[in-house]
Amino acid sequence: MAKDDKQQVERNVRDFLDAVSRGDRPAILAHHAKDLLMFDFPDSVRGLDEYDRTWDFFFDSQRGPITFAPEQLEVTAGDDVAFTACLVHCDGTTGGDFRFRLTIGLVKRDGQWLITHEHHSMPVKDETYVMPEKREMLGAS
């Protein structure tokens, strides 16, 4: 893995997240593969066209300037496969101000790093899913 690959992966992910904050649909899609698979709340999405339509709902719920900012971004890159993980601070929609977890998988195709997988998740607080020692810290009910 070249240092340049890790830097390019990070740049692509930061460019994507910044494009969301700007509402720039072409830039949101720029580094995504046509065969993208996304695990979103609540559904799975396959393909770039279906993925693009999910942004209609997101931007239709806009209630001010959008914030879509990565926190604690970590990048791991090999020769042709990479992944990133971070928290994303999201604000400016009907969802209010919140943070979610984002994991992105990328594949290098024809010298370009493309996002082939996104996984969005939120921590749960239902005690059914939280280890006893973590319940108080998470405010589990």
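Among the residues of the range 1-56, write down those that are closer than 20 Å to ASP80 by Cα, in a loop (DSSP other than H, G, I, E, B) and either at pLDDT below 95 or among the β-branched types (Val, Ile, Thr) (or both). Residues satisfying the conditions are MET1, ALA2.
Taking the range 46-89 as the range and being hydrophobic (A, V, I, L, M, F, W, C) and in contact with a Phe, Trp or Tyr (Cβ under 6 Å, 6 or more places away or on another chain) as the test, only VAL88 passes. The strands (runs of 3 or more DSSP E) found wholly in the range 70-121 and carrying at least 1 residues that are loosely packed, with under 12 Cβ neighbours inside 10 Å occupy 98-109. Of all the criteria given as (1) farther than 17 Å from ASP91 by Cα; (2) in contact (Cβ under 8 Å) with a residue 12 or more places away in the chain; (3) touching a Ser or Thr at 6+ places or on another chain (Cβ under 8 Å), the one not satisfied by VAL45 is (2). Every listed requirement among (1) at pLDDT below 95; (2) over 13 Å from the mean Cα position of the chain (by Cα) is met by ARG99 save one, (2).
Residues that are buried (at least 17 other Cβ atoms within 10 Å of the Cβ) and in contact with an Asp or Glu (Cβ under 8 Å, 6 or more places away or on another chain) do occur in the range 2-21.
Taken together, the residues in the range 1-42 that are touching a residue at least 40 places away in the same chain (Cβ under 8 Å) and hydrophobic (A, V, I, L, M, F, W, C) amount to 12.
The values are calculated or read from the model by the stated rules, or taken from the named source; none is laboratory data. Every value quoted in this text rests on a predicted model; they were computed, and no experiment measured them. Note that we place each Cβ from the backbone using ideal geometry, even for glycine, and neighbour counts take in every protein chain shown.
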